Amino acid sequence: MFTGRLGLALLLAAFLPGAIHAQQQAPREIVEQAVDAHGGELWLSPGTLRLRGHAEFYSPGGTQPRSSADDYRMWRVMGSERDSAHGADGKVRISARSGSTTIFEVGFNGETTWTNNGIMPKAEADAYWASNFGFGIIRSALNEGFKLESAPPRDVEGAPVDLVRIIDPTGQITLFGFDQDSRFIRYMGFRTPRGWHERTYSDFIKLPESGWVQARSVKLYYDGVLSNTVFWEETIVGEPLSNDLFDPPFARHGLETDNDTGD
């Protein structure tokens with residue numbers, strides 16, 4: 001039997017509603033709540049996604065942005081039945097511009113990865129996407145073949161979150177952090193060829209017509225060091241996108257490879 005102040009504290013904690021909630025919530029239930037919180041079926045299968053905003057990019061040894069994109073855009077066609085967390089999937093194009101200058105552009109048309117420097121060799125492309133793709137696996141996490149595991153909760157930018165490991169059928173692990181109150185995704189992390197990659201999400205909005213929830217601020221880290229911050233200002237869900245949009249452009253100029261794919 002527990003005695004003294006420590007025993008009383010442990011006894012009280014055991015009967016606090018929050019403690020009971022934390023003990024009883026299964027990881028699958030947490031993910032189901034997150035899907036509902038972000039927009040339900042539309043969020044699971046949006047078809048396409050367009051995001052526009054601005055971004056700042058940092059070098060590992062500096063404290064100020066090395067470059068800023070006042071026009072940062074992402075076009076995305078979602079793949080179906082995704083079962084690999086950190087490989088290229090569907091179609092994607094990302095463009096970062098400062099005024100009339102292209103900082104970088106990168107895309108994947110379902111077969112070929114390209115940048116404004118040319119076609120990226122497959123081995124290089126696989127490593128590139130393995131360091132960037134990861135968010136989208138949450139949309140497949142409730143499917144057969146996936147495994148969900150709870151991890152100890154933590155705070156992310158001052159908000160308490162419940163952590164869930166999503167293990168895809170290939171064995172790749174992605175760690176997601178769900179806000180304990182709203183169930184919005186505030187955190188994700190996974191191992192990459194560039195090191196341990198983390199993202200934090202904040203400044204959430206809900207689109208009035210569709211109920212889609214979008215984080216307008218995304219910070220990306222590698223091995224604990226801030227790599228870039230993206231500020232999304234416009235979100236368009238489900239509108240048709242031309243296949244030509246994802247094919248390599250003819251003109252290509254210098255490349256930087258830090259980005260948030262929204263995936």
Checked Asp181, Asp155 against criteria (in a strand (DSSP E or B) and either free of Cβ contacts under 8 Å to residues at least 24 places away in the same chain or closer than 20 Å to Asp83 by Cβ (or both)); the one match is Asp155
Kindly list the number of the only condition in (1) on the phi < 0 side of the Ramachandran plot; (2) within 17 Å of the chain's Cα centre (by Cα) that fails for Arg183.
(1)
State all residues of region 79-114 that are crowded, with 21+ Cβ neighbours inside 10 Å, more than 23 Å from Ala141 (Cα to Cα) and not aromatic (Phe, Trp, Tyr); if no residue qualifies, say none.
Arg93, Ile94, Ala96, Ile103, Glu105, Val106, Gly107
Is it fair to say Phe146 is of a type in the set (Phe, Trp, Tyr) and over 18 Å from Glu32 (Cβ atoms)?
no
Select, from Leu226, Leu175, Leu220, the only residue that is of a type outside the set (S, T, N, Q), part of a strand (DSSP E or B) and over 13 Å from the mean Cα position of the chain (by Cα).
Leu226
So which residues in region 48-93 are hydroxyl-bearing (Ser, Thr, Tyr), modelled with pLDDT of 95 or more and either in a strand (DSSP E or B) or out of contact with any Ser or Thr (no Cβ under 8 Å at 6 or more places or on another chain) (or both)?
Thr48, Ser67, Ser68, Tyr72
Can you find even one residue in region 131-138 that is modelled with pLDDT under 95, farther than 16 Å from Glu81 by Cα and either in a strand (DSSP E or B) or out of contact with any strand residue (DSSP E or B) (no Cβ under 6 Å at 6 or more places or on another chain) (or both)?
yes
Looking only at residues that are surrounded by fewer than 21 Cβ atoms within 10 Å (Cβ to Cβ) and within 20 Å of the chain's Cα centre (by Cα) in region 115-128, which one is nearest to Pro248 (Cα to Cα)?
Ala125
Can you list residue pairs whose Cβ atoms sit under 7 Å apart, with the first residue in region 66-91 being more than 22 Å from Val237 (Cβ to Cβ) and without any contact (Cβ under 8 Å) to a residue 24 or more places away in the chain and the second being among the hydroxyl-bearing types (Ser, Thr, Tyr) and surrounded by fewer than 17 Cβ atoms within 10 Å (Cβ to Cβ)? Count only pairs 6 or more apart in sequence or on different chains.
Arg66/Ser59
For region 184-217, give me the residue count where each residue is closer than 24 Å to Ile30 by Cβ, in a strand (DSSP E or B) and among the small types (Gly, Ala, Ser).
4
Selection from region 235-250 of residues among the hydroxyl-bearing types (Ser, Thr, Tyr) and outside any loop (DSSP other than H, G, I, E, B) yields Thr235
Would it be correct to say that Leu163 is buried (at least 19 other Cβ atoms within 10 Å of the Cβ) and part of a strand (DSSP E or B)?
yes
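The values are calculated or read from the model by the stated rules, or taken from the named source; none is laboratory data. Note that the structure is predicted; figures quoted are calculated from it, not measured. Using ideal geometry, Cβ is built from the backbone for each residue, glycine included, and neighbour counts are taken over all protein chains shown.
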